[in-house]
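Here's the structure we're looking at; comments come further down.
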Amino acid sequence: MGFLFPFFLVAGIALLIPILIHLFNLRRYKHVLFPNIRFLRQLQVASKRTAKIQKKWLLLTRLLFLAALVTAFAQPYFKTGQTAGNAGAVQVIYLDNSLSMTAKKDMESLLQKAKNRARQLINASNRNARFLILSNDKMAATRPLTAPAALDMIRAIKPTAQIVDINRILGSIAAAQENDPNELWRVYLFSDFQKTTFLPKRKWREKLDQTTFFLFPFQSEKLSNLYIDTAYFVNPAMEKGQEHQMVIKVKTSGSAKPESSSLQVYIGGQTRAVREITGFKNALWTDTINLHLDPGWKKITLALKDVSLNFDDTFRLTMQADPNLSVLVVGEKAVNPYLQSAFSSYKGFRMTWEPAPGLKPENWGQYSLVVLQNLDVIPDILKKKVKEKLENGGSVLLFPGTSPNKTALNAALSYWGNIHFGALDTNKEQIVTLQEHQPVLQGLFEKIPENIQLPATRSRFFMEADVTANQQSIMSFRDGSPFLAQYTPEKGRLFIVASPLDVRASNFALSYFFVPVLYKMAVQDQGQNPPSIAVGSESPVWVSGAGNANKRSVWHLKAPSFDAVPAQDPSGAGTNIFVGKAAPQAGFYLLKQEEGTDSLLIALNTNPEESIVDYASERSVEQSMAPLKMHWMEEKGMRNNGWNAAPEPFPLWKICVLIALLCLALETYLLLAKNYLSGSGKQSGWFKDKAVKDVSNS
């Protein structure tokens, strides 16, 4: 027999308490005078024997009650001849400690149930067995541990925002097997088996020889979860003194019906908006809130009320009002009035004009966007400066001239990225397609209206590009040719419009899209940093290197009682910083240089995939992990005969609790029976009992 919590056996010292009570708590009797007691002598002996028997049984029931209670807390189980692994076998235990395992079942979290089952497995294993313990935040394969060390490691596992898929789990196991390729390996997976984790996009291809998998599902039935899928501003950069639209999307998942709730929006700890969440359509609720933001960095928190799971009830995002963006316009003549009007409508923009023939070789790193306005010829100095801007990760927008020198213009385009203009089409053509998921258009509409008026052209150039130019059509004509396209031959982005910036060529400058698209292009040069990042995300934060005194300075990710150095990779004129991999939990973090004054406020949230509490079926898991050998296990024991380990032992603690209750009932019966003998019956019986007590004390 073994004990799941053997330390509770120390409480067995409490067995001394009833013994001491029976030894030292001597009962005192009253003296009653009788004229003659010779007729009570025979009754005296019988009464004394009855009293002794009653006291012994009372002591025994009390001792047995305490012993059963202590044993129940220690949770005993039987060790059978079969063990959870052969002698010397390496046993890998993966405990899914993702936040979805915080869901409760029978008043206990799924993670705690899994940890208890894993401890039972280790205690029932062969004493020569060795263990590898894996969890979402500790996937690196370590050296095999002994049973006591493995139990300590399991005890320390806590919920984490890190999530991993089955391919990464299998990859860690395969890496560990390389150290002991000749050992017999057994893998035990304790998880809720979410679809997002155990149904990866790519199927596991590598082989794990001599490995058997035992799958223990821990799932909460009839669970409904409300969570904030995303929240973002329509304009990714803020203009001070203006109201800005924030789009919020709340989703529901699980088998139960969604419940109504409320949503509160906090800025700097102050409540700015409250919304009632009702009327889900296809498990989605969407709303748009207008917010006024003062200049500077802002911490924005969205709080949702949800009973089932609360790890995803808070969504954080950051925003900086008054971004002070700079735009450089290069042209052959004066600045176009439509450009002048577009950029002057936003107080956060500063526009600079430079003539193309007399362009100065200055640093373009300070400009968020460079606009080449209606150029017929690209001078050599301009061609080189654009190439340098694209290599450093900048953004450039080109409007061709009304009568361009196509040979010279195509020479510059080929120099930038194997792009060239084709024939000129002077027919009236209507733009019919929008790539709404492209970053330049993303967020302009919650949903594109069916009757929206798209721009049309009367003069446009056909554009062609090599595969290396990475063409992405943003707006397209019916024939599929692009009107506005993005090219990324270098680290930066080159935007090309097929028509000149002239109302006689197209009405693009008069359309709804003109100003927002220019704004989005300029904002992209700030790194396209999202206002919120998921913990564990591989998407980097791009930080501009312009103006840094020391470009080699290391960036730190800081929070109260936390300081880490995330992975950093130089990219163009800045640095990609992978903050999602460095942060352990969701929250607000400060990204700051080790030497310097530059800093960036980062919001990290739980991955929305973790909030999808849809469990994968056994068949789908088997298909995703095929051809691995798998056996499904139940909480009460084996489901099939493929496992040579002992099934989960019968919960002996329940028997101990039952014994304790029976002892308590027996003790109550003995006390009531004793009181009945001493205080009920005929008057002569009462005198007899008193006589006995008097004689016993005389």
For region 240-254, pairs from a residue that is among the polar types (S, T, N, Q) to a residue that is surrounded by fewer than 17 Cβ atoms within 10 Å (Cβ to Cβ) and modelled with pLDDT of 85 or more, with Cβ under 9 Å and 6 or more apart or across chains, are Q245/T288; Q245/N290; T252/L284; S253/D614
For L424, state whether it is crowded, with 18+ Cβ neighbours inside 10 Å and assigned by TED's automatic domain parsing to the domain that holds E332. no
Can you tell me which condition P337 does not meet? The list is (1) in the same structural domain as G358 (by TED's automatic domain parsing); (2) surrounded by 15 or more Cβ atoms within 10 Å (Cβ to Cβ); (3) modelled with pLDDT of 80 or more, and all the others hold. (2)
G587 passes all but one of the listed conditions (1) buried (at least 21 other Cβ atoms within 10 Å of the Cβ); (2) at pLDDT 85 or above; the exception is number (1)
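Could you grab me the full set of residues in region 456-481 that are closer than 13 Å to F495 by Cα and either touching a residue at least 60 places away in the same chain (Cβ under 8 Å) or not polar (S, T, N, Q) (or both)? Working first, answer last.
Applying the first criterion (closer than 13 Å to F495 by Cα) to region 456-481 yields 463, 465, 469-475.
Of everything in region 456-481, those that are closer than 13 Å to F495 by Cα and either touching a residue at least 60 places away in the same chain (Cβ under 8 Å) or not polar (S, T, N, Q) (or both) turn out to be M463, A465, A469, I474, M475.
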Here are T212, T230, T197: which of them is in contact with a helix residue (DSSP H, G or I) (Cβ under 8 Å, 6 or more places away or on another chain), of a type outside the set (G, A, S) and either surrounded by 19 or more Cβ atoms within 10 Å (Cβ to Cβ) or without any contact (Cβ under 8 Å) to a residue 12 or more places away in the chain (or both)? T197
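Yes/no per residue for (1) at negative phi; (2) aromatic (F, W, Y); (3) surrounded by 14 or more Cβ atoms within 10 Å (Cβ to Cβ):
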residue	(1), (2), (3)
D376	yes, no, yes
D380	yes, no, no
L390	yes, no, yes
A412	yes, no, yes
L441	yes, no, yes
F462	yes, yes, yes
S473	yes, no, yes
R478	yes, no, no
Kindly list the number of the only condition in (1) exposed (fewer than 15 other Cβ atoms within 10 Å of the Cβ); (2) part of a loop (DSSP other than H, G, I, E, B) that fails for N290. (2)
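Can you tell me which of G547, G536 is modelled with pLDDT under 90 and touching an Asp or Glu at 6+ places or on another chain (Cβ under 9 Å)? Write out each step before concluding.
Details: G536 fails: touching an Asp or Glu at 6+ places or on another chain (Cβ under 9 Å).
Going through G547, G536 in turn, just one is modelled with pLDDT under 90 and touching an Asp or Glu at 6+ places or on another chain (Cβ under 9 Å): G547.
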Identify, by number, the condition in (1) among the hydrophobic types (A, V, I, L, M, F, W, C); (2) touching a helix residue (DSSP H, G or I) at 6+ places or on another chain (Cβ under 7 Å); (3) under 25 Å from P516 (Cβ atoms) that L441 doesn't meet. (2)
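Would you call T407 surrounded by fewer than 18 Cβ atoms within 10 Å (Cβ to Cβ), in contact (Cβ under 8 Å) with a residue 40 or more places away in the chain, among the β-branched types (V, I, T) and not in a strand (DSSP E or B)? If you could, list the steps in order and put the result at the bottom.
Numbers: surrounded by fewer than 18 Cβ atoms within 10 Å (Cβ to Cβ): yes; in contact (Cβ under 8 Å) with a residue 40 or more places away in the chain: no; among the β-branched types (V, I, T): yes; not in a strand (DSSP E or B): yes.
So T407 fails the test.
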Could you check region 265-309 and list, in sequence order, the residues that are within 21 Å of the chain's Cα centre (by Cα), among the polar types (S, T, N, Q) and within 16 Å of T230 (Cα to Cα)? T301
Tell me whether region 638-645 contains one or more residues that are surrounded by 19 or more Cβ atoms within 10 Å (Cβ to Cβ) and at pLDDT 80 or above. no
Mind telling me which of the residues V517, V467, V554 ends up being in the same structural domain as T426 (by TED's automatic domain parsing), at pLDDT below 90 and surrounded by fewer than 17 Cβ atoms within 10 Å (Cβ to Cβ)? V467
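Inspect all residues belonging to region 342-362 and state whether any of them is in a strand (DSSP E or B), in the same structural domain as V250 (by TED's automatic domain parsing) and charged (D, E, K, R).
Our first condition is that a residue be in a strand (DSSP E or B); within region 342-362, this holds for 349-355.
Imposing the further condition that a residue be in the same structural domain as V250 (by TED's automatic domain parsing) reduces the set to none.
No; the residues of region 342-362 include none that is in a strand (DSSP E or B), in the same structural domain as V250 (by TED's automatic domain parsing) and charged (D, E, K, R).
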Which count do you get for residues in region 73-122 that are over 30 Å from N182 (Cα atoms) and modelled with pLDDT under 85? 8
Find all pairs meeting these conditions: Cβ atoms under 6 angstrom apart; at least six residues apart or on different chains; first residue within region 377-397 and within 28 Å of V543 (Cβ to Cβ); second residue of a type in the set (D, E) and assigned to a loop (DSSP other than H, G, I, E, B). L390/E490; E391/E490; G394/D525; S395/D525
Could you list, in sequence order, all residues of region 410-433 that are touching a Pro at 6+ places or on another chain (Cβ under 7 Å) and in a helix (DSSP H, G or I)? W416, G417
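From L359, L398, L441, which residue is within 25 Å of G574 (Cβ to Cβ) and modelled with pLDDT of 90 or more?
Every option except L398 fails the conditions.
The values are calculated or read from the model by the stated rules, or taken from the named source; none is laboratory data. None of the values given here were measured: they were computed from a predicted structure. As a convention, Cβ positions derive from the backbone with ideal geometry for all residues, glycine included, and neighbour counts pool all protein chains shown.
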